[in-house]
1. List the trypsin sites (Lys or Arg not before Pro) within segment 24-100 that fall in a DSSP loop (any state other than H, G, I, E or B) and whose Cβ has at most 16 other Cβ atoms within 10 Å.
2. As a test of understanding, state the convex hull volume per residue of the chain from its alpha carbons, in Å³.
3. Taking the alpha-carbon distance from LYS49 and a cut-off under 30 Å, which lysines remain once sequence neighbours fewer than 8 residues away in the same chain are dropped?
4. List the GluC sites (Glu not before Pro) in segment 25-100 that DSSP assigns to loop (not H, G, I, E or B) and whose Cβ has at most 14 other Cβ atoms within 10 Å. Which are they?
5. With r as the distance between the Cβ atoms of ASP69 and ASP13 and R0 = 25 Å, compute the FRET efficiency 1/(1 + (r/R0)^6) and round to 0.05.
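Coordinate-derived values only; no laboratory data. None of the values given here were measured: they were computed from a predicted structure. Quick reminder, even Gly has a Cβ in these numbers, built from the backbone with ideal geometry, and neighbours come from all protein chains shown.
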Amino acid sequence: MQAIGQYFSIIRDEQKKKWFRTSQAVSKRCLPSTELAADSYAFDMLFEKVNEQADPSKLGAEAWLDRYDADRFGMSEHSFRLPAKKVVTLLFIEYADMLT
């Protein structure tokens, strides 16, 4: 697998995803999940009130993506707190195979 630098950006609050965008190369089959995974740092920021991340953290793509084979891929997550109890997350896709 070839490493690449494509991304998602997602804004959500405690109830739902509010907004998302992807870089143009990301396949329409790669959609963010409607549910926020408990193993994501964004979940911890919204519900456990932890501090913002200093650096991105790696996790399985199945934590964020609604895609049948997401468990085959890894990605990096970097979340930041916004006003009004929202979090913005940048998800960095690491492998070109996720774009198809």
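1. Details: sites: LYS28, ARG29, LYS49, LYS58, ARG67, ARG72, ARG81, LYS85, LYS86; in loops: LYS28, ARG29, LYS49, ARG67, LYS85.
Counting only loop positions with at most 16 other Cβ atoms within 10 Å, the trypsin sites (Lys or Arg not before Pro) in segment 24-100 are LYS28, ARG29, LYS49, LYS85.
2. Details: hull volume 9.1 nm³, N = 100.
In the chain, the Cα convex hull volume per residue is 91 Å³.
3. In chain and number order, the partners are LYS16, LYS17, LYS18, LYS58, LYS85, LYS86.
4. On the way: sites: GLU35, GLU48, GLU52, GLU62, GLU77, GLU94; in loops: GLU35, GLU52.
Answer in residue order: GLU35, GLU52.
5. Details: r = 29 Å, r/R0 = 1.14.
Taking R0 as 25 Å, the efficiency between ASP13 and ASP69 is 0.30.
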